[in-house]
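The values are calculated or read from the model by the stated rules, or taken from the named source; none is laboratory data. Every value quoted in this text rests on a predicted model; they were computed, and no experiment measured them. Please note: Cβ atoms are built from the backbone with ideal geometry, for glycine as well, and neighbour counts cover all protein chains shown.
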Amino acid sequence: MHQLSIYRKRFLPDETTHLKDDIILLSEDNLIITKWFPLRPKKNMAGGISAYYMNQGVKVSKVYDKEQKLLYWYCDIIQSKPGPHAHSIIFEDLLIDVIIYENGFVKVMDLDELAEALELQLISQEDVKKALRILAHLLNIIYEGRFDELKAPINKAETNYYLQSY
């Protein structure tokens with residue numbers, strides 16, 4: 001069996017990064033779960049576990065501080081495309097992010113970046129419309145109290161990973 005390779009494409013800045021150090025905990029048809037550490041050191045973020053929900057266009061990340069305590073849940077609006085070689089996939093970051101804090105506060109971020117990328121013609125109008133529709137779907141899940149459905153596979157993979165690590 002070949003190991004899956006994951007890439008992240010960003011529009012601002014325009015770059016594609018091979019996430020070669022991410023540990024793939026689960027890979028199914030429409031769900032990939034990874035454990036990762038920041039590409040660039042961050043002051044209080046130590047890493048996390050992410051679930052790529054490819055059929056929903058969302059990457060949900062459980063982000064930890066240096067003491068392995070939950071900082072927040074971070075959601076990227078994404079789309080997946082075939083990667084540069086067999087057994088690879090590119091996740092395009094469609095710029096909009098949603099942070100969900102433990103107290104329930106929800107923060108939508110980077111709509112200005114989406115507008116800038118559109119003005120600079122770095123992203124198509126079709127991709128902008130797709131991103132906004134995915135955002136609306138994600139916010140409906142959150143506001144209807146169903147976000148636990150997206151958290152559950154991450155928590156399960158995290159438990160299984162830590163049980164297997166010893």
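Would you say ILE142 is modelled with pLDDT of 95 or more and either crowded, with 19+ Cβ neighbours inside 10 Å or part of a strand (DSSP E or B) (or both)? Criteria not met by ILE142.
Among the residues of segment 72-83, is any within 18 Å of ASP21 (Cα to Cα), in contact with a strand residue (DSSP E or B) (Cβ under 8 Å, 6 or more places away or on another chain) and not in a strand (DSSP E or B)? Reasoning before the result, please.
Quick first cut of segment 72-83, residues within 18 Å of ASP21 (Cα to Cα) only: 83.
Next, from what is left, pick out any that are in contact with a strand residue (DSSP E or B) (Cβ under 8 Å, 6 or more places away or on another chain): 83.
With the extra rule that they be not in a strand (DSSP E or B), the set shrinks to 83.
Within segment 72-83, one or more residues are within 18 Å of ASP21 (Cα to Cα), in contact with a strand residue (DSSP E or B) (Cβ under 8 Å, 6 or more places away or on another chain) and not in a strand (DSSP E or B).
Do we have GLU116 as modelled with pLDDT of 95 or more and farther than 20 Å from ASP29 by Cα here? Spelling it out, GLU116 is indeed modelled with pLDDT of 95 or more and farther than 20 Å from ASP29 by Cα. In the condition set (1) out of contact with any Leu (no Cβ under 9 Å at 6 or more places or on another chain); (2) within 30 Å of PRO13 (Cβ to Cβ); (3) not in a strand (DSSP E or B), LYS59 is compliant with all but (3).
Hey, could you check segment 96-129 for residues that are surrounded by fewer than 17 Cβ atoms within 10 Å (Cβ to Cβ), not aliphatic (A, V, I, L, M) and not in a loop (DSSP other than H, G, I, E, B) and say which is nearest to the chain's Cα centre (by Cα)? Ranking the qualifying residues of segment 96-129, first place goes to LYS107.
Tell me which of these TYR52 doesn't satisfy, since it passes every other one: (1) touching a helix residue (DSSP H, G or I) at 6+ places or on another chain (Cβ under 9 Å); (2) under 20 Å from LEU25 (Cα atoms). Single failed check for TYR52: (1).
In segment 1-45, the qualifying residues are those that are outside any loop (DSSP other than H, G, I, E, B), touching a residue at least 60 places away in the same chain (Cβ under 8 Å) and more than 20 Å from TYR64 (Cα to Cα), and the one that is nearest to the chain's Cα centre (by Cα) is ARG8.
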